[in-house]
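To start, the structure under review is shown below, and the notes come after it.
Please treat every number below as a calculation from the coordinates, not as lab data. Only a predicted model underlies this, so the values are computations on that prediction, with no experimental measurement involved. Glycine also receives a Cβ, built like all others from the backbone with ideal geometry; neighbour counts cover every protein chain displayed.
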Amino acid sequence: MTAYRLASGGLIDRRAPLDFRFDGRNLTGFAGDTLASALLANDQLLVGRSFKYHRPRGIVTAGASEPNALVTIGKGAGSDPNTKATVAELYFGLDARSQNRFPSLKYDFGALNGLLSPFLGAGFYYKTFMWPAAFWEKVYEPIIRKAAGLGRAVLERDPQAYEKCWAHCDLLVIGAGPTGLMAALVAGRAGVRVILADEDFRLGGSLLAETAHIGGVSAPDFAEMALAELRSLPNVTMMPRTTVFGWYDDNVFGAVERVQKHVAAPQEKLPVERLWRIVAKRAILAAGAEERPLVFGGNDRPGVMMAGAMRTYANRFGVAAGKSVAIFTNGSAGYRTAAVLAARGIEVTAIIDSRTDVSDVAPDGVRVIQSACVIDTKGHKRVSGAVVERCGFEQTIACDAIGMSGGWNPAIHLACQRGAKAVWSEELKTFLAPDVGNGFVVAGAAAGRYTLAGCLKDGAEKAAAIAADLGFSAAVQAQPAVDGEADPSFTALWYSPGAKAKAFVDFQNDVHVKDIGLALREGFGHVEHAKRYTTNGMATDQGKLSGINATGLLAAMQGISPADVGTTTFRPFYTPVAFGALAGTARDEQAAPVRKSPLYGWAQRHGAVFVDSGLWFRPAYFAQSGEKDWRESTDREVLNIRENVGLCDVSTLGKIEIFGPDAAEFLNRLYCNPFLKLPVGKARYGLMLREDGMVYDDGTTSRLSPGHFVMTTTTALAGGVMSHMEYCAQVLWPELKARFCSSTDQWAQMAIAGPKARLVVQALVEDDISGAAFPFLAAGIVTLKGGIKARLFRISFSGELAYELAVPAGLGEAVADAIMEEGRAHGICPYGLEALNVLRIEKGHVTHAEFDGRVTPDDAGFGRMVSAQKPDFIGKRLSTRYGLTAADRMQMVGLKPVEPDQHIRAGAHLLREGAKPSTLNDQGYVSSACFSPTLGHGIALAFLKSGRERYGERIVVWDKLAGTEVVAEVSSPVFVDPGNTKLNA
Amino acid sequence: MTRTYISRHPLEDLLPLEPGIRAVDHLDIPRAMAIAAVMAMDGEEAAVAAGLAASGDVQVRFTGPGEWLILSQSETPEELHRNLSLLLAETAYIVDQSDGRIVFRLSGPNVRRILAKGIASDLHPAVFEIGTSSNVLCGHISVNLARTGENEFELIVMRSFAVALFNDLRVMGREFDLSADFSAQG
């Protein structure tokens, strides 16, 4: 036993023991512990195996930069792999498992990789597993992947709930340490809307692990006092357990709040995690600084830890990382840790200082070895000694833990996420964030102001300046005096020379000094190349500990300044965020909103089988008992409409009301065919083109009064046409006096089609709708018996005598029921999209299957509709370009198989008989196909080169997907009632 | 044969959420409401705005430059249309949206926290004052949001999205045990 719980001290609740499990062992910690501090208290030093060599690894840090202590928490579908034990809050019943080991953490087969390590340098896999090429994907990569890796991704459905939220503030303070607390206090007192976010479950940051006194009280007490005051301010919101992970455009910050990650029994009504988008007028980055690891031989042995982490474990958690601790340092911080440990009764065996002539004072009785370096460590699964080299002489110092302190790296990540490059400070021997504008300011240790007094002052001053900028008057009071201030100075030491074992730079990805050297020798010396070549900084910790050291090493190896090497690119996310949190509630039924027609319930009652149609659910067909499949139902519906009558829900078509003295002119420019002289009481089919001359959308537009039109669009492009019109009205023709709005949702619209349609509709409508009074393409307002005003249009998609009746949406189901009742005597049936589609193919009517963006009006047979007289309309200019008027363009035709029992499918291509299938020989394609119950065989609509000249010709329908070739005869696309006698009946 | 047609609300089968339970945070849904879209004619924007502001009995919701939704609890759709036509004669176009829009009224101490789960706008009382209305996205769905009281908001949504928005609001309000029912007054 070496690591242990101290008898007293720490911000833990010793009266609240918490039982938890690690790799099946029952252990106990206290409320206020992290999983890491509780593991250390139980002397569980070994927590994982490294990524590549499967080397035993122990806890290195006490925070978010932890590279080694990654565990899986929880069981089954809800388990979280790769959770950092150093930030995981301990709770009763927590069940954690180590990762990347087999069969157990202590005895791991994968560790054989370590023996092979001389061959497994950077780039080894790329160079070795090159041949045969196909083997990479099928053999090598799966094996390598199996051996490497961290936690296993859970493939089951995540049973946990997540959500996303927005927050707004004048000032976002990121980090609740001395700088952040002071900033929040100063701004909060001035009345600024402040959000104070911190990733820790306990706010206070470094103050919680600090022994200094501020204004006469201990640092943790000072933090408590500040928090108490902040809690009393209604304009300040505190967000503990919230990691701000990204800085985005418009000063929006992404943050993830762990709402219920720390509770044994999560409440069902709360999410486990909440993703915040924080919109901040201003923000202060007060994320502090990370202690820099030292790169020395054997520095990855369990028991080697950041010196500052040892101090945190001792002060905040009351845990000793070892019984006899050696400190390896290049600055004063190592002495500070030594002092804390000694004061807590932990033996400090030696301070190994890389510097010469230092003035720092070691605790009484502690030996200081100056101008010395650790070159190796002893022990296997935990350190048992440090091999120290000084002026060519080696000695082994027995110890069970080594604290390392290599200086400071300000946590500038967020400030550099939007492209700003970190700048080297020769004075501080580290990288600082550049000025990124007044929206986001870096303060305190994150800005290189490492002393406590400096942090308090910087936080206060920067917050006061922001408050003043925002129009608040903020008073900066005198900062409380700091007693026991620490000296943050250090001398950069990128590599301790003479290593006798691997000196690791990136613990998580197993990158050591020689790998960096190899990258440089092989021409991958640019910091971004070296990163990719060695994988340094590419692990889940994103190089929080390793990044700056890699830069320093690359600089040192080339004899240049780190300023000339630079850093790799900082990108969101600062720490990993669960996909679940990013998705929030947008999953399953909530993934996309469902739009429901006002006739949805009616269709349901009639046995509709629904199909997704954009956001809508539309009836595909209405199955009757005994019908075996959709075809049977569809065939029945089609035949019934051709013989009797049917009712179809067309409410989903877009409807736009257009008003104004220039409404007709507006439409005239919007459509390619004329609308200026459309009489009141008439509907007209309209074709809308894109500027490039291709068909955009189609539909009917009716004139209800001289200054009032109602347009219908296709279901798919209802929104698109509306925004197209807004663009035309606002940008192209602002001089036209026309206004419009969508009324799609106001109306339940029903198509009543079939030879008996008039009988059914007349039974409901008071007005005369005889052929003479209400002929084909009539449109107007009618009164239903019972007094309801409705809109009636005599338009037909099926080719039959047909009406579309629109009633206020709430009445839709009632009116549909009435139509069904009146139609019963005439054999009415409801019909769905499938029958609608068959009916229109039989009639040669087009949809977006034909208008796919490559088709001109002439291609589809509407060439004569395009007005030559109109001075302008959208698409006019480009309609005349050469390619669009070429004689061999593909034109819409009908196809019927020569053998009547053969089937044609949409998507098939057309070939001359005997021609080999090739792009060159391609004659066209099938756009729509169906079985025609009216004709008793398959039919199709297709686009064929110069198709209208080729009626009667035989063509091969080549369907590679179905593996069929069908000989078909080219015909007119109108298969049913080419004379329109039914339509005009 | 004369028929009587009964109007149906899209949430007919879904309300009340839990019979007899009314939480502090509550979603109140009027069964029927007269709603009209008003579009000012060119150059008449200010006149229409002034006319609407002077008309006492209706609620005015801003939906775009020169465009408003007008809500009335006391009039039928036909009455509202007629009264607006008189009020705004020769200055505006009026479209009945009584069946095209569904109104949700959200009230209670936690409404802002509920709405923050779907709406990106800042709803702080100093920023989004009582009487303010705006077209915003609530999750994936476009709504017109109005602040009708200190802790009261109103969402107007296209009818076809009513069930989807209702389900979204239920999820958003789950944390606060949000209750929901049709309005008592109709």
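Considering only DSSP states other than H, G, I, E and B, which trypsin sites (Lys or Arg not before Pro) in the stretch A:542-630 qualify as loop sites with at most 12 other Cβ atoms within 10 Å?
Here the trypsin sites (Lys or Arg not before Pro) that fit, given the DSSP loop and packing criteria, are A:628.
Given B:66, B:17, A:503, which one lies farthest toward the positive end of the charge dipole of the protein assembly as shown, if we put +1 on the Cβ of every Lys and Arg and -1 on the Cβ of every Asp and Glu?
Toward the positive end, the furthest listed residue is A:503.
Stokes-Einstein D for the stretch A:293-406 at 20 °C, 1.002 mPa s, Kirkwood Rh over Cα pairs, in µm²/s?
159 µm²/s
Tally the DSSP beta bridges in chain A and give the antiparallel ones as a percent, rounded to 5.
75 percent
Hey, for a label at residue A:763 modelled as a point 7 Å past Cα toward Cβ, could you say which residues of the stretch A:618-652 have their backbone N under 11 Å away?
Counting backbone N atoms under 11 Å from the label point, the list is empty.
How much length is gained if the chain between residue A:948 and residue A:31 is pulled fully straight, taking 0.36 nm per residue apart and subtracting their Cα-Cα distance, in nm to one decimal?
321.9 nm
So how do A:621, A:685, A:803 line up by other beta-carbon neighbours within 10 Å, fewest first?
By the 10 Å Cβ count, ascending: A:685, A:803, A:621.
Any idea how far apart residue A:785 and residue B:82 come out in nm if each label point goes 7 Å out from Cα toward Cβ?
Calculated label separation equals 2.6 nm.
Determine ³J(HN,Hα), in whole Hz, for all residues of the stretch A:676-684 in sequence, where each value follows from phi through the Karplus function 6.51 cos²θ - 1.76 cosθ + 1.60 and θ = phi - 60°; x replaces Gly and Pro.
Calculated HN-Hα couplings, in order: 4, 9, 4, x, 4, x, 10, 10, 9 Hz.
How big is D, in µm² s⁻¹, for the stretch A:1-54 by Stokes-Einstein at 20 °C and 1.002 mPa s if Rh is the Kirkwood radius over C-alpha pairs?
For these conditions, the coefficient is 177 µm²/s.
What are the ³J(HN,Hα) values, in whole Hz, obtained from phi via the Karplus relation 6.51 cos²θ - 1.76 cosθ + 1.60 with θ = phi - 60°, for each residue of the stretch B:100-117 in sequence order, with x given for Gly and Pro?
Coupling constants for the stretch B:100-117: x, 10, 10, 9, 10, 10, 10, 9, x, x, 9, 4, 5, 5, 5, 5, 5, 7 Hz.
What's the FRET efficiency of residue A:916 with residue A:632 using the Cβ-Cβ distance as r and R₀ = 51 Å, to the nearest 0.05?
E(calc), rounded to 0.05, equals 0.85.
Which length gain, in nm to one decimal place, applies between residue A:262 and residue A:624 when the Cα-Cα distance is subtracted from 0.36 nm times their residue separation?
124.9 nm
Counting helices only, and only those DSSP H runs with n ≥ 4, report the 222 nm mean residue ellipticity of chain A as the sum of -39,500 (n - 2.57) divided by its residues, in deg cm²/dmol to the nearest 500.
One gets -6000 deg cm²/dmol as the mean residue ellipticity at 222 nm.
Over 29 Å between Cα atoms: which of A:323/A:502; A:269/A:655; A:462/A:544; A:75/A:514; A:323/A:514 fall into that group?
Correct reply: A:269/A:655; A:75/A:514; A:323/A:514.
Restricting to DSSP loop positions (anything but H, G, I, E, B) with no more than 10 other Cβ atoms inside 10 Å of their own Cβ, which GluC sites (Glu not before Pro) remain in the stretch A:732-826?
A:735
Go ahead and run the numbers for FRET between residue A:380 and residue A:21, Cβ-Cβ distance against an R0 of 35 Å, rounding to 0.05.
So the FRET efficiency works out to roughly 0.90.
Going from the alpha-carbon gyration tensor of chain B, what semi-axes, largest first and in whole Å, does one get by taking the root of 5 times each eigenvalue?
28, 22, 13
Just how large is the dipole of the protein assembly as shown about the Cα centre, in debye to the nearest 20, putting +1 at every Lys and Arg Cβ and -1 at every Asp and Glu Cβ?
Roughly 2380 debye, rounded to the nearest 20.
Taking 7 Å along the Cα-to-C-beta vector as the label spot, tell me the residue A:529-residue A:776 distance in nanometres, rounded to one decimal.
7.4 nm
On a 0 to 90 degree scale, rounded to 10, what angle separates helix A:333-343 from the longest Cα axis of chain A?
In chain A, helix A:333-343 runs at an angle near 70 degrees to the longest axis.
Hey, for a label at residue A:902 modelled as a point 7 Å past Cα toward Cβ, could you say which residues of the stretch A:949-982 have their backbone N under 16 Å away?
Backbone N within reach: A:952-971.
Counting other Cβ atoms within 10 Å of each Cβ, which GluC sites (Glu not before Pro) in the stretch B:89-186 have at most 14 and sit in a DSSP loop?
Listed in order of number, the matching sites are B:90, B:129, B:150.
Grab the eigenvalues of the alpha-carbon gyration tensor for chain A, scale each by 5, take roots, and send me the semi-axes largest first in whole angstrom.
73, 33, 27
To the nearest 0.05, how large is the calculated FRET efficiency for residue A:826 and residue A:613 if R₀ is 30 Å and r is the Cβ-Cβ distance?
With R0 = 30 Å, the Cβ-Cβ based efficiency is 0.60.
Could you tell me what a quarter of the Cα convex hull surface of the stretch A:497-565 works out to, in nm² with one decimal place?
So the mean shadow area of the Cα hull is 4.3 nm².
In which sequence would A:838, A:782 go, from the one with the fewest C-beta neighbours within 10 Å to the one with the most?
A:782, A:838
For helix A:307-317, report the angle its Cα long axis makes with the longest principal axis of the Cα atoms of chain A; keep it between 0 and 90° and round to the nearest 10°.
Rounded to the nearest ten degrees, it is 80.
Among A:799, A:211, A:661, whose Cα projects farthest towards the positive end of the dipole of chain A, with charges put on the beta-carbon of Lys, Arg (+1) and Asp, Glu (-1)?
Most positive-ward Cα: A:211.
Can you tell me the length gained on complete extension of the stretch residue A:75 to residue A:201, counting 0.36 nm per residue apart and subtracting the Cα distance?
Taking residue A:75 through residue A:201 to full extension adds about 43.1 nm, to one decimal.
Under a point spin-label approximation (7 Å from Cα along Cα-to-Cβ), what is the residue A:7-residue A:521 distance to one decimal in nm?
With each label placed 7 Å out from Cα toward Cβ, I get 5.5 nm.
If you line up the long axis of helix B:45-54 against the longest principal axis of chain B, both from Cα atoms, how many degrees apart are they, to the nearest 10?
Roughly 70 degrees, rounded to the nearest 10.
Need the list of aspartates and glutamates near residue A:843 for cross-linking: C-alpha distance under 13 angstrom, and skip anything on the same chain fewer than eight residues off.
Leaving aside aspartates and glutamates fewer than 8 places away in the same chain, those within reach of residue A:843 are A:800, A:977.
Rounded to the nearest angstrom and ordered from largest down, what semi-axes does the equivalent ellipsoid of the stretch A:886-971 get from its C-alpha gyration tensor (root of 5λ)?
Square roots of five times the eigenvalues give 19, 15, 11 Å.
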